[in-house]
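Quick notes on the structure that follows.
The values are calculated or read from the model by the stated rules, or taken from the named source; none is laboratory data. Computed from a prediction, not measured in an experiment: that's the story for all the values here. Neighbour counts are summed over all protein chains in view; Cβ atoms, including those assigned to glycine, are modelled from backbone coordinates with ideal geometry. Ligands, DNA and RNA are excluded from the accessible area calculation, which covers all protein heavy atoms including side chains. Shrake-Rupley method; radii C 1.70, N 1.55, O 1.52, S 1.80 Å.
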Amino acid sequence: MKINVKLIVLFSAIMVAVTATLGFLAFNTVEASVIDSELLDMQNIVHDKSNQIETLHSRASEDIVFAAQNPKFSDYFDLSDTKSGNIYNDDGVIQFTSEQRKLKSDLEDWIYHFQNKFTVDETCYIDRTGQQQGALILKAPVPDEHLSSTKKSEDYFEPSFEKDPGESYVQYPYVSPATKRWVFAYTTPIVTSSDGQKSGFYHFEMPIYVFQDVIKSDVGRMFVIDPEGFLIADSNYNYSNKPGSGYMGQPHEEYFPSIDSISDSEDFAGIVSGMNSLEKGQSKWATYDKNGEKYFVAYKKLPTFNWIIGYEVPRSQLLAGENDLFALQINLILLTSLMSAGGLVAIIMVSSRITHPIKILADSCKKQDVHNLKEIDLVTDDEINDVTKALNNMIKQVNEIGQMKEEFSSMVTHELKTPLTPILGWCQTLKNPKIMGELSEKQRNAIEKIQTNAKRLQQLIGDILDAEKLDMQKMKFDFQEINVTDFMNYLHKNLQRLMDAKEIKYINDTEPNLKLITDKNRLEQVLTNLVLNAVDFVPNKGLINIGAQDKGDSVLFFVKDNGVGIDKDKISNLFSKFYQVETSMTRSHGGTGLGLAICKGIIDGFHGKIWVESIVNKGSTFYFTIPKDSIRNNTEKN
Amino acid sequence: MKILGIDDNADITDLLDTVLNGSSHQYSFVDNGKDGINLIRQNKYDLVLLDLAMPEFSGLDVLDELKKENLTKKQKIVIFTASSIVNSEIESMVKEKGAYSYLRKPIDVDQLLKYLDEINED
């Protein structure tokens, strides 16, 4: 991966991680405070509702206490003919005296007014005995044997003359005998005489759905539970509240849903048990998980019946109305995106500033000519400058070494050549009878040996020098037009003497009138080298075939022999320096192992190609081509 | 022909001495360029055989000095060089310095004798 891509990925990852973490922390902090304030709101609502319920109770209680002190009740109970009970006619209808009728009518008006205050149509009883017997029913006459249902709590009303006048009691829910629906009731004794005799009870039934109206809630779920685990009221539940929807003696479980309908989880059960252990009027809140979501519950114990009012809101709804929180979320996302985008731009700029000089450096290095390294012109204010300096230092040293190598080899070859001049010169002179006189056969042989070896040394020095030049790409060519046909004839003739020892058949197959612009001396060097190799590898009375053909754009030369051939796996290394197919062959023509490498170097210098086709034990053919426009290529190159 | 050989290598001047001994040419040798220039100033030679690689005062310095004094064309100057530069470059150098021709080292004695005869006939 490229450095700038790496940097961008790394920085992006860091930035995303940092902004995400900061965003998450900020969001969480804000969310926590939002939830705190929402919880406070929930608790306030719970307090509000509980106050409303308590107000309802206290208003009803105060009103019936006040009603019971109405002198009309005393008057009614003082009437002598009512004390022994109601008077019924033959059809069982109560018969009232005119005075009774007037009082009854007044009371009915008053009760009607009283009921209106609560917008309920429930019955008011006046129980003369406190034993639920012979009650004076002022409205909606009903059978009166069931003023209450089964006892459900301590606060259950027990009509008793033990209760003090001026006190009121709230009665646990039951099905009203008058309207056949679930009600709770308020009761207070009526005292008619100065000695404190309790002549009866004033009894007011309130339908239970009044609570439903109180705990209505648009958000979340509000409910009232009793210690038995019944949902007395539930904003999520549709209680049937029409008159006649219940029946007398109906069990609670048939009408009220269980608390389990909110949640049957252990967590919630724990919360409920916590609710029940509260002191009256005390409030708390808790959370539990339902359907994979967190629910917040605020609750308070009501003073009446040990009922508990609860209010639960799921987290999503708790935060749903929080537009600020939503805006914060949007802002955070925007901020993160902006920071990321800005950061990305910055990183791209920074990384390109880092990678640009590296690219320049790499490009300068790629362009370098290995034989003439140029210092890199790049100045930066970072570590890349150190790299450039180090590279330039290296380039300087390499160039110096190259220079030294060149000087050294030129010096060495010159020093090696210098003694060769007198050696070879003296050999020649010694062999010249005009100068030195006749030599004996032995002397002549000795001179020949010295001369042959000195020449070989001369050849070696020449090869090394050539290889060095080719290596440094410093070999220069003398291009001139030659007649290839004449040249090949000359070469054929000139090398003929080499064939005598092995009686080799030596053939020249060159097209007539073939011309080429090339370096004659170097061409001769290549062909001579190939022919000398062939001489080494052909058997006695073998065949060597040289030649040249016009190939249009180029001239193809070849040197063919029927010698031992070359293994396929050795062909690829054949033109490498110091490589010989068999080292034993070195001795026979005394090569340095540079011969074919030099041939390849020279042909490369001509922009030609050199290759070999060989079959083991059948012979090899070395081919090379020289393009006719090699001089032009060479000029262009220089 | 009157020949002057300038070469710091006594083995070569000895060799030339031996080779030329049997010939009809007059010859003398010096082992440094400065003596060579002095001799050229004072004498009339037909041919100067000049080694290029000599310490202190090289063959090229000799040629430059002779050219400065217009003495290069007074006689034919043949340069000996062991350098491996290509023919065309040596030829252009020979031309520029006002020399006559060149011979590559190691010197082929037979070739040298043949060459001297050719020059003599010119």
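Overview of values
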| item | result |
| --- | --- |
| Area of A:Met499 that stays accessible when all protein chains are in place (1.4 Å probe, Å², to 10) | 0 |
| Accessible surface buried upon B-A contact (total; probe 1.4 Å; Å², nearest 100) | 1800 |
| Cα-based shape type of chain B, given that a ≥ b ≥ c are square roots of the gyration tensor eigenvalues and the cut on a/c is 1.5 | rounded |
| Stokes-Einstein D in µm²/s, Kirkwood radius over Cα pairs - the stretch A:270-399 at 20 °C with 1.002 mPa s viscosity | 98 |
| Mean Cα-pair separation over length for chain B, i.e. relative contact order, pairs under 8 Å, 6 or more apart, % | 23 |
| Cα principal axis extents for the stretch B:11-82, largest first, Å | 36, 25, 18 |
| Average beta carbon contacts from partner chains per residue of B:95-105, 10 Å cutoff | 1 |
| Per-residue mean of C-beta atoms belonging to partner chains within 10 Å, peptide A:426-435 | 5 |
| The stretch A:240-323: relative contact order in percent, alpha carbon pairs under 8 Å with at least 6 residues between | 19 |
| Loop-located trypsin sites (Lys or Arg not before Pro) in the stretch A:508-569 whose Cβ has at most 10 other Cβ within 10 Å (DSSP) | A:Lys541 |
| Values of log10 I(q)/I(0), in the order q = 0.17 Å⁻¹, for the stretch A:447-495 under a Debye, Cα-only, solvent-free model | -0.85 |
| Rounded accessible area of A:Asp377 (nearest 10 Å², 1.4 Å probe) | 140 |
| Shape call, the stretch A:417-516: gyration tensor on alpha carbons, a/c limit 1.5 | oblate |
| Which of A:Ile3, A:Ile8 is most accessible, then next, and so on - probe 1.4 Å | A:Ile3, A:Ile8 |
| Probe 1.4 Å - accessible area at A:Glu400, Å² to nearest ten | 90 |
| Proximal aspartates and glutamates relative to A:Lys180, as straight alpha-carbon distance under 19 Å, when same-chain residues fewer than 8 apart are discounted | A:Asp121, A:Glu122, A:Asp144, A:Glu145, A:Glu205, A:Glu253, A:Glu254 |
| Accessible surface ranking that places the most exposed of A:Cys365, A:Cys427 first, with a 1.4 angstrom probe | A:Cys365, A:Cys427 |
| Average other protein chain Cβ within 10 Å of Cβ, residues B:75-86 | 3 |
| Computed [θ] at 222 nm, deg cm²/dmol, chain B (DSSP H ≥ 4; -39,500 (n - 2.57); rounded to nearest 500) | -14000 deg cm²/dmol |
| Cα-based shape type of the stretch A:458-586, given that a ≥ b ≥ c are square roots of the gyration tensor eigenvalues and the cut on a/c is 1.5 | oblate |
| Heavy-atom accessible area ranking, 1.4 Å probe, most first, across A:Trp307, A:Trp611 | A:Trp611, A:Trp307 |
| Relative packing of B:27-40, A:261-274, which averages over residues the other C-beta atoms within 10 Å, highest first | B:27-40, A:261-274 |
| Student exercise, the stretch B:27-122 dipole from Lys, Arg, Asp, Glu Cβ charges, in Debye to nearest 20 | 300 |
| Of A:Lys505/A:Lys600; B:Lys74/B:Lys114; A:Lys515/B:Lys67; A:Lys405/A:Lys455; A:Lys417/A:Lys442, those spanning more than 32 Å from alpha-carbon to alpha-carbon | A:Lys515/B:Lys67 |
